[in-house]
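Undergrad: Pasting a structure below so you can have a look.
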Amino acid sequence: MAQTSRSSNRTDEDDGDLIQAAKQNPEAFGKIYHRYVHSVYKYFYNRTWNQNEAEDLTAQTFLAVLEGLQKYHDNGYFSAWLFSIARRKAADHFRIKAKQPFVEFNDDIPADSDFLNDIIQSERLTKIAHLFNDLPEKDKEIIRLRYVADLSFAEIGRTLHRNEGTIKKTLYRIVNRMKSKLEEENE
């Protein structure tokens, strides 16, 4: 049975065909790259909040994927393998930097906006960013893989070597804790 991503019509069976083609002809790797580059970039951008670093890490990841593709044994979870490589690249990056970035939002308010609603929305996003930053790294990673990289629960489970049901429950609990804290702050 093929797993389907929430944001596209790609299936893991389609990945298998692309992987076989890329193993035989490296020029065919471009199709794999185009299928996943946006998700990988968004994942890294959410980790670094820096365009240049996100682009560099994305390039490093796809280079590692290309180099390791011949050793990859298609088990129907290519995205899990890809994001396992991305996670290692991120860990290496932060080990070198030895610091955790802070989430910042653009505070510019357009002249034609509803000023009060924009302020409320900006404050809410800032509170959510603080709640996110206060989460343990393992919880942040689940949120990134689900909402930024747009992976299915099965793909996240394979990436993190955890049960799909456990991932669902964990994400549900994280989101509920964040909602509760946000409501507490708004009282």
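The values are calculated or read from the model by the stated rules, or taken from the named source; none is laboratory data. Since the structure is predicted, the reported quantities are computational estimates derived from the model, not experimental observations. Please note: Cβ atoms are built from the backbone with ideal geometry, for glycine as well, and neighbour counts cover all protein chains shown.
Undergrad: Identify, please: which residue in segment 145-174 is closer than 21 Å to Arg124 by Cα and loosely packed, with under 14 Cβ neighbours inside 10 Å and is, among those, nearest to the chain's Cα centre (by Cα)?
TA: Among those residues, the one meeting the criterion is Tyr172.
Conditions (1) in a helix (DSSP H, G or I); (2) touching a residue at least 24 places away in the same chain (Cβ under 8 Å); (3) under 18 Å from Arg158 (Cα atoms), marked per residue:
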position: Ala54; (1), (2), (3): yes, no, no
position: Glu67; (1), (2), (3): yes, no, no
position: His73; (1), (2), (3): no, no, yes
position: Gly76; (1), (2), (3): no, yes, yes
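Undergrad: Could you please find all residues in segment 36-54 being surrounded by 15 or more Cβ atoms within 10 Å (Cβ to Cβ) and more than 15 Å from Val148 (Cα to Cα)?
TA: Once the filter is applied, which keeps residues that are surrounded by 15 or more Cβ atoms within 10 Å (Cβ to Cβ) and more than 15 Å from Val148 (Cα to Cα), segment 36-54 yields only Glu53.
Undergrad: What residue, of Lys138, Lys127, is modelled with pLDDT under 90, among the charged types (D, E, K, R) and either surrounded by 15 or more Cβ atoms within 10 Å (Cβ to Cβ) or part of a helix (DSSP H, G or I) (or both)?
TA: Working: Lys138 fails: modelled with pLDDT under 90.
Matching residue, one of Lys138, Lys127: Lys127.
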